[in-house]
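Chemist: This structure is in structure tokens; I'll ask about it shortly.
Where a number appears in this text, it was derived from the coordinates with a stated rule and is not lab data. Every value quoted in this text rests on a predicted model; they were computed, and no experiment measured them. FYI the Cβ positions are ideal-geometry reconstructions off the backbone, even for glycines, and counts take in every protein chain you see.
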Amino acid sequence: MSLYDSEFSFDDNLFSGDEKEIDAEIERCRKAVEDGNIYTCIETVEDTLQICVDNERHREGLYLINKLIEVAPYNSDYWVKKGIFQNGLFYFEGAVKSFEKALSLNPGDSEALIDKAAAEENLGNYSDAQISLQKALSNDPNDEEAWFNLGMVTQRLNDFETAIDCFNKVIELDSIFVEAYYELGFCYENLGEYNSSLNAYDKFLEIEPYSANGWYNRGVVLGKLNNLEKAIESYELAVAVREKFASAWFNLGNSHADLGKLQQAVECFEKALQFDPEDEAACYNLANIYEELTDLSKALIYYSEAIKINDEYFDAYLARGFCFDTLGQYQDAMKDFESAIALSGDNADAWYAKADLEYSIGKLQNAVDSYRRAVTLEPENFEIWFNLAETLFELGNWVEALEAFENCNLLNPGDATSFYAKAKVNLILSRTRDAVVCLKEAFKLDPSIKNDFAREYPEIKSSKLFKKLLGEH
């Protein structure tokens, strides 16, 4: 019997008291145990243990259950509860041992097997967890909780097809097992089966219409289906349910931006930052939008904030460098491009940006070196080869320029400009026939280049020999 009147009121095993009342009840129970009265208050201790389970008071619960085990070491239920508290305290190895002890006392305890599987999963021992759950299902093939947990374990192993089978079995056994619909949505999404995923989330939300995570995930799937308007509606419902849902505000901002609704996107990213001030991606996206709106001063502020949050944010350094470049702040731009290179090492975009800036400030040889690094990293990039070729041309490195223009011709045989540039190099090198071949190709691809040629080389254009070579009369 209890040594005191309990102030607890149970309703579906949930304690209705506030935190102070829970603390007081646990303390009274602990004091009774320490006073040596455990034999006369076992029922009270068991009630208090359930309150500890319901309110995640794992440390206090572990203390009390150890006291009960001291006086009843062969009670399998006590060992199960000990394992539950150990799980809650992240003592997963100890939890497994407690569940094994419970099962040695009661081998048919499916709940102990399910709880043991949870501890094994937390340890990353997924194969052991699967074995425990399969044993539970051999005891009771219609245990929806065991099927659900088996689905979760196989999901962790990225075996989404098997996980889907498990979750569908859960729903077959219990059509309102709401978590199963949610996990089905996740599995189908990972398999790229977006319509099936959307259907699963819709069923989940029919049962749990106030789930912010459900509306959020539905928005993600709709975004992947390119249904941005509907995605926006889902994200708006997510933040209506949970205003401080920073990720939902972030995705809402992205969706508005993708639709060109830049002001709405700005408002959403600002909300995301309000609730998560350390979100460097929100800062970066805000900066992108302000850059698109040509408000470079604000763009610089947010790129800088992103870098302040994450000083290894490659994209932010590169983007801020472009802003500085546009504003004519070349020294600052160069610092950012060099920081981006230092962070990435082998990123063609960073070397390309540095090369373009070096060209702009007249450091042509440095630009050539940087362009060469960029094309080494992206040998199929036509634009980098073309800029390299033009820079070599300006430096008077005719043979190297010719080789670079030849690469341009190979990469983009439909570009008239690179054929015309190659013709000019051949003229300088007195390779007349090669020049004619290139001019013919350039004129064929873009007849307007004939006017450029006549303006730049009037004496050659009027030459009878050259007209003959070009097939003109």
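Chemist: Ranked by Cβ crowding within 10 angstrom, fewest neighbours first, how are D128, D346 ordered?
Modeler: By the 10 Å Cβ count, ascending, the order reads D346, D128.
Chemist: Please work out whether the range 139-209 counts as rounded, prolate or oblate from its C-alpha gyration tensor, where a ≥ b ≥ c are the square roots of the eigenvalues and a/c under 1.5 means rounded, while otherwise a/b larger than b/c means prolate and anything else oblate?
Modeler: It comes out oblate by the Cα gyration axes.
Chemist: Related question: Using alpha carbon centroids, what distance separates the range 102-161 and the range 337-413, in Å?
Modeler: Centre-to-centre distance over Cα atoms comes out at 58 Å.
Chemist: Beta carbons within 10 angstrom, averaged per residue: use that to sort the peptides 151-160, 357-366, 299-308, highest first.
Modeler: 299-308, 151-160, 357-366
Chemist: As I understand it, the value is the acute angle between the Cα axis of helix 416-428 and the longest principal axis of the Cα atoms of the chain; what does it come to in degrees, rounded to 10?
Modeler: 50
Chemist: Once fully extended, how much extra length lies between L395 and T326, figured as 0.36 nm per residue of separation less the alpha-carbon to alpha-carbon distance?
Modeler: Full-extension gain reported as 22.4 nm.
Chemist: Further, regarding this structure: Whole Å is fine, so just give me how far the alpha carbon centre of the range 209-223 lies from that of the range 265-300.
Modeler: If we compute the Cα centre of each part, the gap is 23 Å.
Chemist: I need the shape label for the range 196-283. Rule: rounded when a/c is under 1.5, else prolate if a/b > b/c, else oblate, with a, b, c from the alpha carbon gyration tensor.
Modeler: Cα axes put the range 196-283 in the oblate bin.
Chemist: So, one more: L262 versus Y74, label points 7 Å from Cα toward the beta carbon: distance in nm?
Modeler: 7.9
Chemist: Something else now. With axes computed from alpha carbons, what is the tilt in degrees of helix 19-34 against the longest principal axis of the chain, rounded to the nearest 10 within 0 to 90?
Modeler: 50
Chemist: Show that you can apply the helix-only estimate: for the chain, add -39,500 (n - 2.57) for every DSSP H stretch of four or more residues, divide by all residues, and state [θ] at 222 nm to the nearest 500.
Modeler: The helix-only estimate for the chain comes to -24000 deg cm²/dmol at 222 nm.
Chemist: Sticking with this one: Assuming 0.36 nm per residue, please report the length gained on full extension of the stretch I361 to D295 beyond their Cα-Cα distance.
Modeler: Extra length available between I361 and D295 comes to 21.4 nm.
Chemist: If you don't mind, another one. So how do T326, T162, T391 line up by other beta-carbon neighbours within 10 Å, fewest first?
Modeler: Listed from fewest to most nearby Cβ atoms, that is T326, T162, T391.
Chemist: Can you sort C29, C187 by how many other beta carbons sit within 10 Å, fewest first?
Modeler: C187, C29
Chemist: How far is helix 178-190 tilted off the main Cα axis of the chain, in degrees rounded to 10, range 0 to 90?
Modeler: That helix lies at roughly 20 degrees to the long axis.
Chemist: What full-extension length gain, to one decimal in nm, is calculated for I131 and E270 as 0.36 nm per residue of separation minus the Cα-Cα distance?
Modeler: Stretched out fully, the I131 to E270 stretch lengthens by 45.2 nm.
Chemist: Okay, moving on. Given contacts defined as C-alpha pairs under 8 Å and at least six residues apart, what's the relative contact order of the chain, whole-number percent?
Modeler: 4
Chemist: Using just the Cα positions, wrap the chain in a convex hull and report its mean projected area in square nanometres, one decimal place.
Modeler: Its Cα hull, projected and averaged over all orientations, spans 32.5 nm².
Chemist: Step through the table entries K308/K363; K261/K298; K20/K81; K203/K230, compare each Cα-Cα distance with 20 Å, and write down the pairs that go over it.
Modeler: K308/K363; K20/K81
Chemist: A further question follows. Provide the FRET efficiency to the nearest 0.05 for the L123-D18 pair, computing r from the beta carbons and using R0 = 30 Å.
Modeler: So, using R0 = 30 Å, E works out to roughly 0.30.
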